[in-house]
Structure formats: C-alpha cells, structure tokens
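S.K.: Dropping the structure in here first, questions after.
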C-alpha cells in the first residue's frame, strides 16, 4: 500500500537518485506503511503532518506490541530520513523524528572460550597440510587479540619476533604495537622458515601471493575448531574476545586491555568487565561455603 503521495515521492527518490536496492526499498515501504496505518487509526490522513509527540506515541505503541529495540531503531532511522527529505523540499516545517530515540537494546555479552578450550584450539598438530601456517595463525590471533582485518593485512616487516612485537593498522588508520607471546613467536618462526617469508610479503598469503581473504580465514577457523573437537561457533572475533577476557581476568587492568585491543573509547572495553564479574561469580559460587547452591 502507498503510505501517501509524500511517501511515494520519497521512495522514488530513494530508488532513482539514491539507487537503493529493491530489498532496502521494501524495508522503507514497510516502515512507512506501518506509520501510515497507525496514523489512520488516529484519524490522521497524512503521516507527513505528524508532530514529535504523535511520533513518540507511535514508537511507544510499537514497543508495547513487542517490536524489538533494534527494529525500532531501524524504523526511526527510516522516519528521520523521510522527514528530513520532506523538510529539504519545503513540505514540512520541522523533522519530528530528529530528537526521538528508540529504547536501548540490551547489550549482549560476547561469547568466549575458556582457557582450556583456547589452548585446545591453538595447539594444532603441525604435520597436517598447512598445519604450520594454521598453528601460527591461531597462536597469533589468541596471543595478540588482533582483528581479522589486521591479521589478513599483516606483512613480515610488521613483526619483530626477536622483541616479540607486532605492529598493526587498526580502525581509523590508528597504528598500535602489541606483544606476541612466546608460543606464537615460535609458531611464526617455524612458518617463516617454511614459507620463506620476506619483509614485504604477506604473513598469510592467499592466491597468487596476495593477502589471505577474510572469508577464507573464517572458513578455515571453523574447520580447525571442529577438527580439534570444539563444537562451539568459533570465529576470529571469538579469539579476540577470549584474549581480552583472559588478560582482564588475570590482570584486572582495563586500561591495558583497551590499549591492547585498540579501542578508542574505554566504554567499548568495559563489556569485558561483565565477563570478568561472571568469572568471579563462578569462582565464588564454587568456593564459598555459604554460596553453594542446593541441588
């Protein structure tokens, strides 16, 4: 159903000028149709005439109906774009969605491997095809908490194995240098000898000598986890989460973990304190005589 002539003009703008995909256009249309249906129930013919309080009432009604915060965030983004387009074309006097925010979505804690699982994963036998490379890759992921993109882009010149350091270019083109553990250093030295690694070459090459692709690493990691008897959903970021959680559990140094991960904002790193509290709660439940739960 067409929400209104305003909505149809806006959707045409998205299709012709913004060249949005059919899938994205369908999502915008559904969001605008939902707003038009609610407005009609309130006796309002054109959603373009809604003001901020009416739009807030609509969002609240959708939330009560069970729409998730994430879905509401997406809808509000669509409405902000819609009203901003109307404002730019002189069809409304203000954007009623500009100041509206959806309810906050509960922040999900990242899954992590425990220490035994992490060791089980990285201690690959190196006599298998590509075993030396795979061992070096997993040891470096877990040792240094690298992002997938950072590992794929790595060249031998970025590694100082004598000092146990690796320099990477992270988000926002920010460079950071992080330690490489002794197990990872040995695995990388073995791989450099086998691959005859030269300073300008990728540490982990893919086809035709180019850096290995992110998707290839993801697939390989899933295969290796199953081979090692781990049937969790293992992916590169899981090793980064595990690295951060294990360092924080041992050190309690949140600022240090922030630097190691290359987070610009410590609030991003603070999610690992929740994981640390979970670990402490398990220790407490298992050790304190008055904490033991009845079966």
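The values are calculated or read from the model by the stated rules, or taken from the named source; none is laboratory data. All of these numbers come straight from a predicted model, not from anything done at the bench. Here Cβ is always computed from backbone atoms with ideal geometry, including for glycine, and neighbour counts include all displayed protein chains.
S.K.: So residue 99 passes all but one of these: (1) assigned to a loop (DSSP other than H, G, I, E, B); (2) at pLDDT 90 or above. Which condition number does it fail?
M.R.: (2)
S.K.: Take the conditions surrounded by 14 or more Cβ atoms within 10 Å (Cβ to Cβ), in contact with a helix residue (DSSP H, G or I) (Cβ under 9 Å, 6 or more places away or on another chain) and outside any helix (DSSP H, G or I) and apply them to residue 76. Does it pass?
M.R.: Against the criterion (surrounded by 14 or more Cβ atoms within 10 Å (Cβ to Cβ), in contact with a helix residue (DSSP H, G or I) (Cβ under 9 Å, 6 or more places away or on another chain) and outside any helix (DSSP H, G or I)), residue 76 does not qualify.
S.K.: Residue 162 - would you say it is more than 13 Å from residue 217 (Cα to Cα), out of contact with any strand residue (DSSP E or B) (no Cβ under 7 Å at 6 or more places or on another chain), surrounded by fewer than 16 Cβ atoms within 10 Å (Cβ to Cβ) and at pLDDT 90 or above?
M.R.: Considered against the rule, which asks whether it is more than 13 Å from residue 217 (Cα to Cα), out of contact with any strand residue (DSSP E or B) (no Cβ under 7 Å at 6 or more places or on another chain), surrounded by fewer than 16 Cβ atoms within 10 Å (Cβ to Cβ) and at pLDDT 90 or above, residue 162 comes out as yes.
S.K.: Out of 120, 111, which single residue is within 20 Å of residue 230 (Cα to Cα), out of contact with any helix residue (DSSP H, G or I) (no Cβ under 8 Å at 6 or more places or on another chain) and surrounded by 14 or more Cβ atoms within 10 Å (Cβ to Cβ)?
M.R.: 120
S.K.: Something else now. Return the residues of segment 25-48 that are assigned to a helix (DSSP H, G or I) and modelled with pLDDT under 90; say none if nothing qualifies.
M.R.: Once the filter is applied, which keeps residues that are assigned to a helix (DSSP H, G or I) and modelled with pLDDT under 90, segment 25-48 yields 47, 48.
S.K.: Also, quick follow-up: Report, by residue number, each residue of segment 213-250 that is touching a helix residue (DSSP H, G or I) at 6+ places or on another chain (Cβ under 7 Å), assigned to a loop (DSSP other than H, G, I, E, B) and without any contact (Cβ under 8 Å) to a residue 40 or more places away in the chain.
M.R.: Within segment 213-250, 235 is the sole residue that qualifies.
S.K.: Next question. Does residue 66 satisfy being over 20 Å from residue 87 (Cα atoms), part of a loop (DSSP other than H, G, I, E, B) and at pLDDT below 90?
M.R.: Criteria met by residue 66.
S.K.: Still on this model: Could you tell me whether residue 276 is assigned to a helix (DSSP H, G or I) and modelled with pLDDT of 90 or more?
M.R.: When the stated conditions are applied, residue 276 does not pass them.
S.K.: To continue, here is another question. Specify the residue that is nearest to the chain's Cα centre (by Cα); the eligible residues are those in segment 13-24 that are in a helix (DSSP H, G or I) and surrounded by 13 or more Cβ atoms within 10 Å (Cβ to Cβ).
M.R.: Among them, the one singled out is 24.
S.K.: Could you tell me whether segment 167-176 includes any residue that is in the same structural domain as residue 127 (by TED's automatic domain parsing), part of a helix (DSSP H, G or I), more than 28 Å from residue 264 (Cβ to Cβ) and modelled with pLDDT under 90?
M.R.: Checked segment 167-176: no residue is in the same structural domain as residue 127 (by TED's automatic domain parsing), part of a helix (DSSP H, G or I), more than 28 Å from residue 264 (Cβ to Cβ) and modelled with pLDDT under 90.
S.K.: Run residue 129 past the list (1) surrounded by fewer than 18 Cβ atoms within 10 Å (Cβ to Cβ); (2) part of a loop (DSSP other than H, G, I, E, B); (3) within 26 Å of the chain's Cα centre (by Cα) and report the number of the one that doesn't hold.
M.R.: (3)
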